[in-house]
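Report on the following structure.
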Amino acid sequence: MAEQKKMVEAITSMDVDFAKWYTDVVRKADLADYSSVKGCTIIRPYGCAIWENIRDILDGMFKETGHENVMMPLLIPESLLQKEKDHVEGFAPEVAWVTQGGQEKLTERLCVRPTSEVLFCEHYSHIINSYRDLPMLYNQWCSVVRWEKTTRPFLRTTEFWWQEGHTMHETAEEAMAETERMLNIYARMCEEYLAIPVLKGRKTEKEQFAGAQATYTIEAMMHDGKALQSGTSHYFGDGFARAFDITFQGRDNKPAYPHQTSWGMSTRIIGAIIMTHGDDNGLALPPAVAPIQVVIVPIAQHKEGVLDKAEELRKRLSAICRVKCDASDNSPGWKFAQYEMKGVPLRLEIGPKDIENNQCVLVRRDNREKTIVPLDQLEEKIPELLKAVHDGLYQRALENRENRTYTATSMEEMIQLANEKSGFIKAMWCGDLECEMKLKEQAGVTSRCMPFEQEHLSDVCVCCGKPAKSMVVWGKAY
Ligand code: ZN
């Protein structure tokens, strides 16, 4: 037990210093490590396994909806990046450039992709000819580089891994429907698999993606009340198509510009999992993406038959879940603490007494509830308990969001709430950039989104008193 205590003491309590707690968990749960390039991190096997599970689920949903994977180049010629004015302006400050190849200075510098709209557009201009070629539904899994000034593992890193979907459609309506469909897939990913409740909504023009006509977002609330943008989906209209001269022959035989979307979810979402579900004992993983769903810890494993029984159970349970048996010579107490730190949803304890009674003990990571289960009922009980852990995590996150969501109807109220509380603040807005900037300056909040589910809190803008156009959720964000 002394070892267990030592391990737990080594992480900072989340109420004392949330940022420090976060980096402690990242390190102690073996998720990531720093590299010699500032801002670039190494995602370690355990972190990688979580990402692989997320990727597999998302990729399945993409394919189910007709999308295909491609692999585009890493480098973008400067002239290509500059074709769409808003886009290049948005990304220019954070682009990394390649200026030399081998011994030769390049005649045109190449940027390391910060996102791949322009590469897809160039390709689409070659392969889209007729309305019969549409829709074009492509996605790629890759890493991108954005030169960040301040970085934190998973949340903001210079290089990060993601998927980027890029689609082309015959009509604006179809492209709008795609933008929404993909946002809904991200919301499903968060709620049904990651146990993270999200707000779906539209970004204000200020927060929109560079070059987009509309950006939709899912916003999650972290345990400390701050927001994390967890996935975005953009509608571009035909702006890029015009800039890249992508035309197709329409059903009326006339040339037309296709309508475009792009959408992305990144390894940032692992940061969201950590900060939504974690506690002072470490990570708490949603069962759907946990690399280990059940860890078997043998008790008094030196006694005859214990390790054999544990191994027999591991083999049997591998048919229904991702299971590991830890037969190392660390003490059970040390193992308990380690797998709690790693967020394993269920722990299965089995010792000589249990074997005698043909039972074992199952312990939930989310609330530490213990259940004694007859060994012949494990196949029913484990899926039930994994579901209960998912529901428990979701419920706790939802309650946190509800408890930390406030309403402001005046600027004084807004400033006071922003200073004293950490969470989402709902307020009406006139739609003017000037008010949005004022809220940032005076209250330190940014608009998170205009939720699809609107509420009417008052008739006037919280800032200027002019007629309000929509309800906005404001907050501080990662
Ligand atoms: Zn206003």
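The values are calculated or read from the model by the stated rules, or taken from the named source; none is laboratory data. Since the model is a prediction, treat every value here as computed from it, not as a measurement. Every residue, glycine as well, gets a Cβ built from its backbone with ideal geometry; the counts of neighbours run over all protein chains shown. In case anyone asks, the SASA skips ligands and DNA or RNA and just uses the protein heavy atoms, side chains included. Shrake-Rupley method; radii C 1.70, N 1.55, O 1.52, S 1.80 Å.
Using the crude model of +1 on Lys and Arg Cβ and -1 on Asp and Glu Cβ, and no other charge, please compute the dipole size for the chain relative to its Cα centre, in debye to 20.
Working: 58 positive and 70 negative charges, 153 e Å.
Charge dipole of the chain: 740 debye, to the nearest 20.
Compute the distance in nm between two label points, each set 7 Å from the Cα along the Cα-to-Cβ direction, one at residue 410 and one at residue 457.
Between residue 410 and residue 457, the simple spin-label model gives 1.5 nm.
If the reach is capped at under 24 angstrom between alpha carbons, list the lysines near residue 469, excluding any in the same chain fewer than eight residues apart.
Reachable lysines: 200, 203, 206, 426, 438, 440.
Using a probe radius of 1.4 Å on heavy atoms only, what accessible surface per residue do you get for the chain? Whole Å² is fine.
Value for the chain: 45 Å² per residue.
Calculate one ³J(HN,Hα) per residue across region 94-103 by plugging θ = phi - 60° into the Karplus curve 6.51 cos²θ - 1.76 cosθ + 1.60, and present them in order as whole Hz with x for glycine and proline.
Residue by residue, region 94-103 yields 10, 9, 9, 10, 9, 10, 9, x, x, 8 Hz.
Working with all protein chains in place, sort 230, 125 by solvent-accessible area computed with a 1.4 Å probe, largest first. Numbers along the way, then the final one.
On the way: 230 10, 125 40 Å².
Largest accessible area first, the residues go 125, 230.
Normalised by the residues of region 405-475, what does the relative contact order come to in percent, with Cα pairs under 8 Å and at least six apart? Don't skip to the answer; put the middle values down first.
Numbers: 136 pairs, mean separation 28.9, N = 71.
Taking the mean separation of contacting Cα pairs over the length of region 405-475, I get 41 percent.
Once Lys and Arg get +1 and Asp and Glu get -1 on their Cβ, which of 270, 437, 214 lies farthest toward the positive end of the dipole of the chain?
So the residue we want is 270.
With +1 on the Cβ of every Lys and Arg and -1 on the Cβ of every Asp and Glu, and nothing else charged, how large is the dipole of region 292-388 about its Cα centre, in debye rounded to the nearest 20?
On the way: 17 positive and 16 negative charges, 74 e Å.
Magnitude of the dipole: close to 360 debye.
From largest accessible area down, sort 238, 33; use a 1.4 Å probe on the protein chains.
Greatest to least solvent exposure: 33, 238.
Scan around residue 265 for amide H atoms under 5 Å from its own, H built in the peptide plane at 1.01 Å from N, and keep only partners 5 or more places away or cross-chain.
Counting only residues 5 or more places away or on other chains, the set is 163.
Using only Cα atoms, find the angle between the long axis of helix 172-188 and the longest principal axis of the chain, and express it within 0 to 90 degrees, rounded to the nearest 10.
20 degrees
Normalised by the number of residues in the chain, what is the relative contact order in percent for Cα pairs under 8 Å and 6+ residues apart?
14 percent
Would you calculate, for the chain, the mean residue ellipticity at 222 nm contributed by helices, counting each DSSP H stretch of 4 or more residues as -39,500 (n - 2.57) and dividing by all residues, to the nearest 500?
-10500 deg cm²/dmol
Mean projection of the alpha-carbon convex hull of the chain over all orientations, in nm²? The partial results should precede the final answer.
Values: hull surface 107.6 nm².
Taking the Cα atoms of the chain, their convex hull projects to 26.9 nm² on average.
Dipole of region 344-478 (Lys/Arg Cβ +1, Asp/Glu Cβ -1, origin at the Cα centre): which of 346, 373, 423 lies farthest to the positive side?
About the Cα centre, the residue reaching furthest to the positive side is 423.
Loop by DSSP (not H, G, I, E, B), at most 13 other beta-carbon atoms within 10 Å: where is the longest site-free stretch of the chain for GluC sites (Glu not before Pro)?
1-303
Which number comes out as Rg/Rh for region 405-475 once both Rg and the Kirkwood Rh are worked out on C-alpha atoms?
0.91
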